[in-house]
Amino acid sequence: EAGVVQSPRYKIIEKKQPVAFWCNPISGHNTLYWYRQNLGQGPELLIRYENEEAVDDSQLPKDRFSAERLKGVDSTLKIQPAELGDSAVYLCASSLEQGHEQFFGPGTRLTVL
Amino acid sequence: DAKTTQPTSMDCAEGRAANLPCNHSTISGNEYVYWYRQIHSQGPQYIIHGLKNNETNEMASLIITEDRKSSTLILPHATLRDTAVYYCIVRVGTSGTYKYIFGTGTRLKVLA
């Protein structure tokens, strides 16, 4: 069974540029999560989707971050414009249902110069 | 804020049991304890979870104290591939609002 797929694995951009991350969850998983992980820290939840609905986006910086999950499968997380402090690993995870074991992708390491 | 505290780092000899402690003194009665680990450059991987009773699976055992204020993850025969950051997590919220609050984890190094 294929795991959670994320792309790209690495991205280097200049500040003020836009950037997007893509996630394909495990087939059949209704719940999708985006986390941000700063160096030396544990992941922090940015947004959670139940199918195509964003049900918890309380930690998403909405002035520059946006996300979508069209058709309740793939998801895209966007930052526009990026700031130096956005440098981190962005992790996508999915689970059968909310509250169940989460399966994480390998993450996208973003470096903002 | 994280609801768990863990030692920053630990070493363990290969082949020996690794015992990773976690304090969660403010845990509520219906909040589960989850353990994940993160190997370098990978996403976190689920290990085990429990509420009150001790749990065991093919990867590890979880011992939860009777008052539920602390727990210990046991890797019975650590190998070099078990070197990773181990996160003890309390799942907060209720049905429909569950959320993991990650702390900074314990960096376990298994020594040859």
Legend entry - Rg followed by Dmax, in Å, when the protein assembly as shown is reduced to its Cα trace: 17.7, 52
Legend entry - Over chain B, relative contact order from alpha-carbon pairs under 8 Å, at least 6 apart, %: 37 percent
Inset, instruction - For B:56, B:79, A:31, give the ranking by accessible area with the largest first, probe 1.4 Å. - result: B:56, B:79, A:31
Inset, instruction - With a 1.4 Å probe and every protein chain left in place, work out the accessible area per residue of the protein assembly as shown in Å², rounded to a whole number. - result: 51 Å²
Legend entry - C-alpha center-to-center spacing [the range B:49-92, the range A:18-94] in angstrom: 28 Å
Inset, instruction - Round to the nearest 0.05 the FRET efficiency obtained for residue A:74 and residue A:9 when R0 = 22 Å and r is the Cβ-Cβ distance. - result: 0.85
Inset, instruction - Compute, for residue A:22, the solvent-accessible surface of its heavy atoms (probe 1.4 Å) with the complete set of protein chains present, and express it in square angstrom to the nearest 10. - result: 90 Å²
Inset, instruction - Please give the residues from the range B:67-97 for which the solvent-accessible area of heavy atoms, probe 1.4 Å, is smaller by at least 10 Å² with all protein chains in place than with the chain isolated. - result: B:87, B:91, B:96
Legend entry - Residues of the range B:1-39 with amide N under 13 Å of a point placed 7 Å along Cα→Cβ from residue A:41: B:1-2
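Lys and Arg at +1, Asp and Glu at -1: add these up for the other residues within a Cβ distance under 13 Å of residue B:23 and post the number.
Local net charge: +2.
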Legend entry - Intensity falloff of the range A:18-86 expressed as log10 I(q)/I(0), Debye formula with alpha-carbon point scatterers, at q = 0.25 Å⁻¹: -1.20
Legend entry - For residue B:67, solvent-accessible area (1.4 Å; no DNA, RNA or ligand), Å²: 100 Å²
Inset, instruction - Mind counting lysine pairs for me in the protein assembly as shown? Cα separation below 25 Å, and the two need to be 8 or more apart along the chain or on different chains. - result: 18
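Using heavy-atom solvent-accessible surface (probe 1.4 Å) with all chains present, what is the largest-first order of A:71, B:99, B:52?
A:71, B:52, B:99
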Inset, instruction - Can you bin the range B:1-72 into rounded, prolate or oblate? Criterion: square roots of the alpha carbon gyration tensor eigenvalues sorted a ≥ b ≥ c, rounded for a/c under 1.5, prolate for a/b above b/c, oblate for the rest. - result: prolate
Inset, instruction - Please report the buried accessible area for the interface of B with A, total over both chains, probe 1.4 Å, in Å² to the nearest 100. - result: 1400 Å²
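The values are calculated or read from the model by the stated rules, or taken from the named source; none is laboratory data. Everything numeric here is computed off the predicted structure, so don't read it as measured data. Cβ sites come from the backbone with ideal geometry, for glycine too, and all protein chains shown count toward neighbours. To get the accessible areas, we keep the full protein, side chains included, count just its heavy atoms, and leave off ligands, DNA and RNA. Shrake-Rupley method; radii C 1.70, N 1.55, O 1.52, S 1.80 Å.
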